[in-house]
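The values are calculated or read from the model by the stated rules, or taken from the named source; none is laboratory data. Quick caveat, the model's predicted, so the values are computed rather than measured. Ideal geometry is used to build each Cβ from the backbone, glycine not excepted, and the neighbour counts take in all protein chains shown.
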Amino acid sequence: MMTVAELDAIKAKLHSQMMLRKGSEAGEDTYRKHVLVCGGTGCTSSGSMGIINKLNEELKKNGIENEVKVIKTGCFGLCALGPIMIVYPEGSFYSMVKEENIPEIVSEHLVKGNVVERLLYSETVTDSGIKSLNETNFYKKQHRVALRNCGVISPENIEEYIALDGYQALAKVLTQMTPEDVIQTILDSGLRGRGGGGFPTGKKWQLARNLVKDADQKYVCCNADEGDPGAFMDRSVLEGDPHVVIEAMAIAGYAIGATQGYIYVRAEYPIAVERLRIAIGQAREYGLLGDNILGTGFKFDLDLRLGAGAFVCGEETALMTSIEGNRGEPRPRPPFPAESGLFQKPTILNNVETYANVPQIILNGADWFASMGTEKSKGTKVFALGGKIHNTGLVEIPMGTTLREVIYEIGGGIPNGKEFKAAQTGGPSGGCIPAEHLDIPIDYDNLISIGSMMGSGGLIVMDENNCMVDIAKFFLEFTVDESCGKCTPCRIGTKRLYEMLEKITSGNATLEDLDKMEKLCYYIKNNSLCGLGQTAPNPVLSTLRYFKDEYLAHVVDKKCPAGVCQDLLTYKIVADKCKGCTACARKCPVGAISGTVKEPHSIDTTKCIKCGACMATCKFGAIVKE
Amino acid sequence: MAFKKSVVAFSQTPEQEQKLMEVINKEKGHKGALMPILQQAQEIYGYLPIEVQTIIAEEMGISLEKVYGVVTFYAQFSLNPKGKYKISVCLGTACYVKGSGDVYNKLQEVLNIKGGELTPDGKFSLEACRCIGACGLAPVMTINDDVYGRLTVDEVGDILAKYND
Amino acid sequence: MVNIKINGIEYSVEEGTTILEACRQNGIRIPTLCWLKDINAIGACRICVVEMSGARSLTAACVYPLSKFDEGKNILTHSPAVLESRKMTLQLLLSNHNMDCLACARSGNCELQALCKELGVDDSSYFEGAKNEFDIDTSSKHMYRDDNKCINCRRCVAACEKYQGIGVIGANERGFKTEISCAFGMDLANTACVSCGQCITACPTGALSEKDDTDKVWEALADPEKVVVVQTAPAVRASLGRLSVIR
């Protein structure tokens, strides 16, 4: 068992070392330099583990293994530039590092102190010298609360977390606050659920504390079943800073009167699962989980439960049904989980990012948190930027930042000089936001008012080459696959909706079908049992609202303006541009292209299967689809 | 109703059986034990055939149908084993007209299994897949993460020989 | 007690009463399909939806317990939105249903058919699209199982599990492919089914039906060489014999 004094001692011992990593003057360590290498899923896939091994090898070779410390951290956010490596105290940011670069970086930079500018993230290199990372466009407008430790600490070392105020919030809660105080602080902070719905977190805790007076058991659950295509915020928190979730869940347990918690995490996130396992083990070892935490008599423990590949388990009642060992089918509410949740006991369920904000709110106060954001949406939000955007990766911004700032300033705009068409937020439950709303401040209520939703934080950018009907169809295909099959509107309704979209993209739909489709959308929204079904039509409704002309082009003119829907396209050879090189004819898998050498060729549209191989081969831009 | 039994005959080593019993005995006292047991059972056997599900149902005192209902709900659980090397042959239109059907047949012949099956040594499993978007390389197949394009039937043997460990 | 309004008229019901019960107690009919008294309240079919003041979407009456939070709310059981929704639910069910109704054992006493009539479903193929297709299970001595007529209400599942404690049928797979079947798609005859027939009684459609041996009885009755004894089953108390004296 650890006491608060011992916790403080660990913090004091490691604090100056950690300051070195923050680039602060006060930082000092027996190591001269800290080299941080991202060990998140993105960078691991692009080879960061090889980089770490090579680094250790080269450090030994140069005899400086006792002067330079290598730390495997969580995600830095700029996943597109991985593998990523930062050298402190100077804060040199190396991007797209290759194993063969390591000897040079070690001998030049780490031994001699000459930064290898050529290998730095190009945006940090300017005429007037090297910029710090925080001054780059990608990081400048970000404000890191939930991600504050990601890419800073080693997620597998509890002491590094403790050094940066880790478990201080838990200590404060247990020694200085009543459960009611904790709930009041969360209420006052204005924190709302980051999983999508935006329900006030404090309200949820309050209900779970008060609704059932004589419960013999209550539960605290964490939703880490992040399943939206294109979203990986929660994964990054778990991979980079697992202890923040553990600490917050213990605080929640104290607030509502629960002694047991469950983290429901996707089995598809093996790195996150492993780091959570390690973190829970360390927290138990240090007496920060278990009986008599910090000598206060408070008891709380955690277990992991792995999801098994069902998107619907992100819905709160389905998640609980799944933990109970059943098919992950949602059940009707009421009763709400605060009254009868997991194993029919009062339960709270919050998502990873929500929890990641809690310790900071406790330490810095509700007013601090409420000072960020808009009137009804406080704090920050993490988004996973993806699609047609330069800087794909993870960003955390204050609520109220505009989409334009996120896409053009932080995200670096649309590649290849293309035109912005829409941003999709909220995944399969959200909608597409057109250019006319680029200047709307991002918060829960604004996004809903324009037909989308915050969702868990996926933000996919689309340009003129994306067909909005096709995008709607993509999301519907996902929902059909992931529907649990319990209620009629979702089981059969989403399937019929998908089929109607197929009819449109294949050029067989009529205007009457469009009306019928819209009616079906509202029916599914109004009649489905759970949130998955109720929001499933959003991608269709929002594209119908803002891109009706594209639907009409498919239905009336039988054309796909973006040139995506195969059935509505024909490939043609522009005779003027064709040199008769025969490359396309040789490439065509079905022999649909004919012509004599040095004469313009032509495509037999009855044979053409529209695979696009010819267009990719032509060096003269002579092949067009329309 | 078509009986959806696994495509390969079931066999287990005494170690596997012992491990499964250990898992069941360790977990079954806990609330909501079925999912963790199924996940660990799949780790032990690589899949969840009727024989394994029956053991779990009997040991936990629940019906086989209840176990099967849970298994078929989650995408992670498989009723069929997968090979160490998973071969997928694209039978999308472009590949098909370029002869991927012949490649697929050749693979079935060389490996002596049908699509959806696994070689008895557990090394290769074979399946057909939808278009993977590499039409310019047609016909295409993938073995785990390796992509092979512009295939001919004659190459099949040489490619398989690369996976000889 | 909770004071609510149903269609504008005030009622007072005990806390915990569902909207469906509250309506039935007061003579207001709300149609149901998946709901089966005491054993199946899962809110799956959505036929019983009602409009409730303050709710974002329609509410399934069979699973909504009224509480003090609902004090003063108004519930509309037959508003245009409700009627249109119920109709669309039926149309969706029909789009994945074998509609060979004339030759169906349940024609005339099928709950789905009756509801379609009641709610004015005049276009049975309003939605077109893929249907699930199943082989008919004739393996069992006493019944047919035709999943092509199944509407996934799960009343049979509840009956098998809760009346009999057998649990040989249940929901398998997920999404549009969800089916009510036995483990591994086994025939009923290969399971622990005890041939009680409770599932047939619970089924609202013709998906589960008894095997009809009337023809065999007529044949036996017509055979002058045969003495015919009628035996009711189960719970045998008395037997009737047709004696030759009748001649």
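Scan the stretch A:217-229 residue by residue and report those that are farther than 16 Å from A:Asn350 by Cβ and either without any contact (Cβ under 8 Å) to a residue 40 or more places away in the chain or touching a helix residue (DSSP H, G or I) at 6+ places or on another chain (Cβ under 7 Å) (or both).
Matches in the stretch A:217-229: A:Gly227, A:Asp228, A:Pro229.
Could you pull out the residue among C:Arg86, C:Arg46, C:Arg56 that is touching a residue at least 12 places away in the same chain (Cβ under 8 Å) and either assigned to a loop (DSSP other than H, G, I, E, B) or among the hydroxyl-bearing types (Ser, Thr, Tyr) (or both)?
C:Arg46
Of the residues A:Glu329, A:Glu353, A:Glu285, which single one is under 30 Å from A:Asp481 (Cα atoms) and more than 14 Å from every other protein chain (Cβ to nearest Cβ)? Walk me through it before giving the result.
Numbers: A:Glu329 fails: more than 14 Å from every other protein chain (Cβ to nearest Cβ); A:Glu285 fails: under 30 Å from A:Asp481 (Cα atoms).
Checking each option against the conditions leaves just A:Glu353.
With A:Asn416, A:Asn465 as the choices, which residue is within 21 Å of A:Leu552 (Cβ to Cβ) and either touching a strand residue (DSSP E or B) at 6+ places or on another chain (Cβ under 6 Å) or surrounded by fewer than 24 Cβ atoms within 10 Å (Cβ to Cβ) (or both)? Break it down into steps so the answer makes sense when it comes.
Numbers: A:Asn416 fails: within 21 Å of A:Leu552 (Cβ to Cβ).
Matching residue, one of A:Asn416, A:Asn465: A:Asn465.
Residues that are out of contact with any strand residue (DSSP E or B) (no Cβ under 7 Å at 6 or more places or on another chain) and over 30 Å from C:Asp146 (Cα atoms): find the helices (runs of 4 or more DSSP H) completely inside the stretch B:1-116 holding 3 or more of those. Reasoning before the result, please.
Working: elements: B:14-27, B:34-45, B:50-60, B:64-73, B:101-111.
Per the criteria, B:14-27, B:34-45, B:101-111.
Considering only the stretch C:170-181, I want to know if a residue exists there that is under 18 Å from B:Gln53 (Cβ atoms) and more than 14 Å from chain A (Cβ to nearest Cβ).
Within the stretch C:170-181, the subset under 18 Å from B:Gln53 (Cβ atoms) is C:170-174, C:179, C:181.
Subsequent filtering for residues that are more than 14 Å from chain A (Cβ to nearest Cβ) retains none.
The answer is no; no qualifying residue exists.
Within the stretch A:166-195, work out how many residues are in contact with a strand residue (DSSP E or B) (Cβ under 8 Å, 6 or more places away or on another chain) and either outside any helix (DSSP H, G or I) or among the β-branched types (Val, Ile, Thr) (or both).
6
This table checks each residue for (1) touching a Phe, Trp or Tyr at 6+ places or on another chain (Cβ under 7 Å); (2) not polar (S, T, N, Q).
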site: B:Leu107; (1), (2): no, yes
site: B:Val110; (1), (2): no, yes
site: B:Ile132; (1), (2): no, yes
site: B:Cys135; (1), (2): no, yes
site: B:Ala138; (1), (2): no, yes
site: B:Met141; (1), (2): yes, yes
site: B:Tyr148; (1), (2): no, yes
site: B:Thr152; (1), (2): no, no
site: B:Lys162; (1), (2): no, yes
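May I ask you to list the residues in the stretch A:265-282 that are at pLDDT 95 or above, within 14 Å of another protein chain (Cβ to nearest Cβ) and either in a loop (DSSP other than H, G, I, E, B) or buried (at least 23 other Cβ atoms within 10 Å of the Cβ) (or both)?
Selection gives A:Val265 alone.
Could you list, in sequence order, all residues of the stretch A:503-516 that are touching a residue at least 24 places away in the same chain (Cβ under 8 Å), within 35 Å of the chain's Cα centre (by Cα) and surrounded by 17 or more Cβ atoms within 10 Å (Cβ to Cβ)?
A:Ile504, A:Thr505, A:Leu514
Out of the strands (runs of 3 or more DSSP E) lying entirely within the stretch C:131-189, which hold 1 or more residues that are buried (at least 20 other Cβ atoms within 10 Å of the Cβ) and outside the structural domain of C:Cys101 (by TED's automatic domain parsing)? Before the answer, list the steps.
Working: elements: C:143-145, C:170-172, C:179-181.
Ranges flagged: none.
Which of the residues belonging to the stretch B:16-50 are more than 14 Å from chain A (Cβ to nearest Cβ) and under 15 Å from the mean Cα position of the chain (by Cα)?
B:Ile44, B:Tyr45, B:Gly46, B:Pro49, B:Ile50
Give the residue, chosen from B:Glu65, B:Glu58, that is acidic (Asp, Glu), outside the structural domain of B:Glu127 (by TED's automatic domain parsing) and in contact with a Gly (Cβ under 9 Å, 6 or more places away or on another chain).
Exactly one residue qualifies, and that residue is B:Glu65.
Among what's in the stretch A:190-221 and is farther than 21 Å from A:Ser452 by Cβ and among the small types (Gly, Ala, Ser), pick the residue that is farthest from the chain's Cα centre (by Cα).
Per the stated criteria, the residue is A:Ala215.
I'm checking my understanding of the structure. Among residues of the stretch C:72-117 that are loosely packed, with under 13 Cβ neighbours inside 10 Å, away from chain A (no Cβ under 14 Å) and not basic (Lys, Arg), which one is farthest from A:Thr494 (Cα to Cα)?
C:Gly72
Can we say A:Ile348 is in a strand (DSSP E or B), among the β-branched types (Val, Ile, Thr) and either in the same structural domain as A:Gly166 (by TED's automatic domain parsing) or in contact (Cβ under 8 Å) with a residue 40 or more places away in the chain (or both)?
yes
Inside the stretch B:131-152, can you point out the residues that are surrounded by fewer than 15 Cβ atoms within 10 Å (Cβ to Cβ), more than 12 Å from chain A (Cβ to nearest Cβ) and more than 14 Å from B:Tyr85 (Cα to Cα)?
Answer for the stretch B:131-152, where residues must be surrounded by fewer than 15 Cβ atoms within 10 Å (Cβ to Cβ), more than 12 Å from chain A (Cβ to nearest Cβ) and more than 14 Å from B:Tyr85 (Cα to Cα): just B:Thr152.
Considering each residue of the stretch A:26-59, count those that are among the charged types (D, E, K, R) and within 18 Å of A:Ile153 (Cα to Cα), and give that number. Break it down stepwise before answering.
Residues of the stretch A:26-59 among the charged types (D, E, K, R): A:28-29, A:32-33, A:54, A:57-58.
With within 18 Å of A:Ile153 (Cα to Cα) added as a condition, the list becomes A:28-29, A:32-33.
So the count comes out to 4.
In the stretch C:114-137, what residues are in contact (Cβ under 8 Å) with a residue 40 or more places away in the chain, in contact with a Lys or Arg (Cβ under 8 Å, 6 or more places away or on another chain) and not hydrophobic (A, V, I, L, M, F, W, C)?
C:Asn132, C:Asp137
Among the strands (runs of 3 or more DSSP E) lying completely within the stretch A:59-165, list those that include at least 2 residues that are surrounded by fewer than 21 Cβ atoms within 10 Å (Cβ to Cβ) and in contact with a strand residue (DSSP E or B) (Cβ under 6 Å, 6 or more places away or on another chain).
A:68-73
Against the definition (under 13 Å from the mean Cα position of the chain (by Cα) and either touching a residue at least 24 places away in the same chain (Cβ under 8 Å) or more than 10 Å from chain A (Cβ to nearest Cβ) (or both)), how does B:Tyr96 come out, yes or no?
no
Residues to consider are A:Val145, A:Val173, A:Val152, A:Val87; find the one that is outside the structural domain of A:Glu405 (by TED's automatic domain parsing), within 24 Å of A:Ile64 (Cα to Cα) and in contact (Cβ under 8 Å) with a residue 60 or more places away in the chain.
On the way: A:Val145 fails: within 24 Å of A:Ile64 (Cα to Cα); A:Val173 fails: within 24 Å of A:Ile64 (Cα to Cα); A:Val87 fails: in contact (Cβ under 8 Å) with a residue 60 or more places away in the chain.
Just one listed residue meets the conditions, A:Val152.
Looking for something buried (at least 20 other Cβ atoms within 10 Å of the Cβ) and without any contact (Cβ under 8 Å) to a residue 40 or more places away in the chain - is there at least one such residue anywhere in the stretch A:556-565?
Checked against the condition, which is being buried (at least 20 other Cβ atoms within 10 Å of the Cβ) and without any contact (Cβ under 8 Å) to a residue 40 or more places away in the chain, the stretch A:556-565 yields no hits at all.
Only helices (runs of 4 or more DSSP H) wholly contained in the stretch A:477-575 count here; list those with 2 or more residues that are among the small types (Gly, Ala, Ser) and more than 9 Å from chain C (Cβ to nearest Cβ).
Ranges flagged: A:531-535.
Among the residues of the stretch A:586-626, write down those that are charged (D, E, K, R), closer than 17 Å to A:Cys560 by Cβ and surrounded by fewer than 18 Cβ atoms within 10 Å (Cβ to Cβ).
The answer is A:Lys625, A:Glu626.
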